[in-house]
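*Asks:* First the structure, which I've put down as structure tokens, then a few questions once you've had a look.
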Amino acid sequence: MTRIYHDEDADLAALAGSTLAVLGYGNQGRSQALNLRDSGIPVVIGNIRDAAFACAEADGFEVLPVAEACARAAGVLVLVPDEVMPEVWREEIAPELDAGGLAVFASGYNVAFGLIEPAPDLDVALVAPRMIGAGVRASYLSGAGFPSFVGVHQDATGRARERMLAVARAIGSTRAGCIEMSMHDEASLDLFTEQGFGPAFGRVMMTAVELLVEAGYPPEAVLLELYLSGELAYSFEKMRELGMARQMDLHSHTSQYGSATRGARFLDLASPLRERMGAVLAEIRSGAFAEEWSRNREHAARIFERVREARERLPIARWEEAARKAFRIGDASEE
Ligand code: NDP
């Protein structure tokens with residue numbers, strides 16, 4: 001049965017007397033460190049000497065090189081970028097962790113796909129916020145909290161679950177709720193959203209943009225209608241609050257009639273979509289994607305550069321810029 005944990009399932013006492021090292025003071029690291037400190041947990045920061053290091057010092061933390069921070073702590077939150085994590089783990093973190101130490105990951109990727117193999121005498125847990133870093137801090141301060149995926153990957157001490165839940169509570173996540181799952185499931189869901197859902201959704205948007213512009217509508221109007229006005233974002237917010245079907249009640253009767261009667265015309269797209277999405281999911285679950293990404297990582301900068309160049313050549317890049325300027329959306333309004 002799926003388990004969902006809330007504040008009443010988690011006791012900060014499980015971390016009593018423990019200093020935690022937050023490794024990486026970036027999007028997640030800064031917010032989680034501030035939340036832990038505000039929850040009364042002693043925190044040291046481990047980071048390379050750079051702007052993030054200075055930022056952590058300015059926030060009043062003791063900041064050390066990663067290995068030194070690990071040596072000082074009973075548990076570590078590993079919040080460096082996923083792509084450097086295996087090397088940082090191997091060279092700076094693992095050698096400093098004592099038997100019974102706790103390692104908490106905010107993404108299951110490296111452990112799930114065998115790129116990090118923690119020693120068997122460690123407690124290893126997943127506390128993966130479903131929230132960007134800034135939101136982790138903002139929702140802690142507002143008291144709303146934010147959901148996370150949590151799981152015990154390895155329980156060497158018999159106390160891994162209670163310690164994991166205490167971390168989840170201290171960063172403000174059990175307030176909203178934490179759902180239990182394996183690192184492999186968390187990583188697979190995350191990758192599927194990025195590789196299956198996202199691109200399929202993007203293709204639907206692009207098809208609509210291309211069709212409408214070819215039909216003679218001004219590109220700025222098309223983009224405004226489809227997503228730039230913020231109406232789509234508002235509908236997504238309502239899907240979250242009310243549900244995908246029930247939020248339909250907020251739309252006009254013409255809108256409800258039109259989408260109900262025309263919706264069936266798109267049903268046959270489900271089958272090819274499922275097939276493609278299924279293939280993406282199978283590659284993720286088998287580890288084939290992780291293996292491919294590891295092989296190509298050294299070429300990543302070149303790949304991303306090419307993608308950026310190609311992206312900027314698309315007509316939609318020009319249309320978006322014109323529309324954003326015209327309607328004073330985002331940075332363009334400040335020019
Ligand atoms: P960021 O890139 O924002 O921050 C990483 C931090 O690690 C930075 O302070 C960075 O310094 C520092 N760093 C980089 N290289 C090293 C190194 N070799 N040794 C020590 N420190 C280093 O990462 P995120 O916060 O986005 O991600 C951290 C983890 O959280 C990942 O596992 C990610 O998957 C997970 N996560 C992220 C979410 C998000 O919203 N971003 C959501 C949920 C989970 P500098 O910036 O100076 O390079």
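*Asks:* Only Cα pairs within less than 10 Å get springs; with that Gaussian network setup on the chain, which residue of GLU291, GLU96, GLU275 has the largest fluctuation?
*Replies:* Looking only at GLU291, GLU96, GLU275, the largest GNM fluctuation is found for GLU275.
*Asks:* Let me ask something else. Run the simple label-point estimate for ARG240 and ARG274 please: 7 Å along Cα→C-beta, distance reported in nm.
*Replies:* For the pair ARG240/ARG274, the computed spacing is 3.0 nm.
*Asks:* Which is farthest toward the positive dipole end of the chain among ALA187, VAL76, ALA21, measuring Cα position about the Cα centre, with Cβ charges +1 (Lys, Arg) and -1 (Asp, Glu)?
*Replies:* Selected residue: ALA187.
*Asks:* Sticking with this one: Between 0 and 90 degrees, rounded to the nearest ten: what's the tilt of helix 27-38 against the longest Cα principal axis of the chain?
*Replies:* Its long axis makes an angle of about 50 degrees.
*Asks:* Charges at C-beta only: +1 for Lys and Arg, -1 for Asp and Glu. How large is the resulting dipole of the stretch 1-73 about its Cα centre, in Debye rounded to 20?
*Replies:* The calculation lands at about 220 debye.
*Asks:* Let me ask something else. What is the local net charge at VAL22, summed over the other residues whose Cβ is closer than 12 Å to its Cβ (Lys, Arg +1; Asp, Glu -1)?
*Replies:* Numbers: positive: ARG30, ARG37, ARG72; negative: ASP59, GLU62.
Local charge sum for VAL22: +1.
*Asks:* A further question follows. Sort the stretch 244-335 into rounded, prolate or oblate with this rule: let a ≥ b ≥ c be the square roots of the eigenvalues of the Cα gyration tensor; rounded if a/c is under 1.5, and if a/c is not under 1.5, prolate when a/b is larger than b/c, oblate otherwise.
*Replies:* oblate
*Asks:* To the nearest Å, what is the center-to-center distance of the stretch 180-234 and the stretch 95-114, using C-alpha atoms only?
*Replies:* If we compute the Cα centre of each part, the gap is 34 Å.
*Asks:* From the P(r) of the stretch 177-306, can you give the percent of Cα pairs sitting at distances over 27 Å?
*Replies:* Values: 3293 of 8385 pairs.
Tail of P(r) above 27 Å: 39 percent of Cα pairs.
*Asks:* Can you compute log10 of I(q)/I(0) for the stretch 76-133 with the Debye formula, treating each Cα as one identical point scatterer, at q = 0.18, 0.27 Å⁻¹?
*Replies:* -0.57, -1.28
*Asks:* Another question, if that's okay. Relative to the first principal axis of the alpha-carbon coordinates of the chain, what is the inclination of helix 253-263, with its axis defined by its Cα atoms, in degrees from 0 to 90 and to the nearest 10?
*Replies:* The angle comes out near 80 degrees.
*Asks:* Among bridges DSSP assigns within the chain, what percent are antiparallel (round to 5)?
*Replies:* 25 percent
*Asks:* In a Debye calculation with equal point scatterers on the alpha-carbon sites of the chain and no solvent, what is log10 I(q)/I(0) at q = 0.08, 0.09, 0.11, 0.12 Å⁻¹?
*Replies:* Result of the Debye calculation: -0.49, -0.61, -0.88, -1.02.
*Asks:* Given the -39500 (n - 2.57) contribution per DSSP H run of 4+ residues, what per-residue ellipticity at 222 nm results for the chain, rounded to the nearest 500 deg cm²/dmol?
*Replies:* The helix-only estimate for the chain comes to -14500 deg cm²/dmol at 222 nm.
*Asks:* Next question, about the same structure. Work from the charge dipole of the stretch 1-149 (Cβ charges, +1 for Lys and Arg, -1 for Asp and Glu, about the Cα centre) and give the residue of TYR140, ALA99, VAL63 farthest towards its positive end.
*Replies:* Value computed over the given set: TYR140.
*Asks:* Sum up the charges of everything whose Cβ sits under 15 Å from the Cβ of LEU141, counting Lys and Arg as +1 and Asp and Glu as -1, but leave LEU141 out.
*Replies:* +2
*Asks:* Nearest 5 percent is fine: what portion of the DSSP beta bridges confined to the stretch 102-239 is antiparallel?
*Replies:* 45 percent
*Asks:* Taking +1 at the Cβ of each Lys and Arg and -1 at the Cβ of each Asp and Glu, which of HIS253, ALA200, ILE316 sits farthest along the dipole of the chain towards its positive end, judged by Cα position relative to the Cα centre?
*Replies:* Checking the options against the dipole of the chain, the answer is HIS253.
*Asks:* For ARG175, what is the net charge nearby, where nearby means another residue's Cβ is under 12 Å from its Cβ and Lys, Arg count +1, Asp, Glu -1?
*Replies:* -2
Values quoted throughout were computed directly from the atomic coordinates according to the rules given, and no laboratory measurement underlies them. Only a predicted model underlies this, so the values are computations on that prediction, with no experimental measurement involved. A quick note on method: Cβ atoms are made from the backbone with ideal geometry, for glycine too, and the neighbour counts reach across all protein chains shown.
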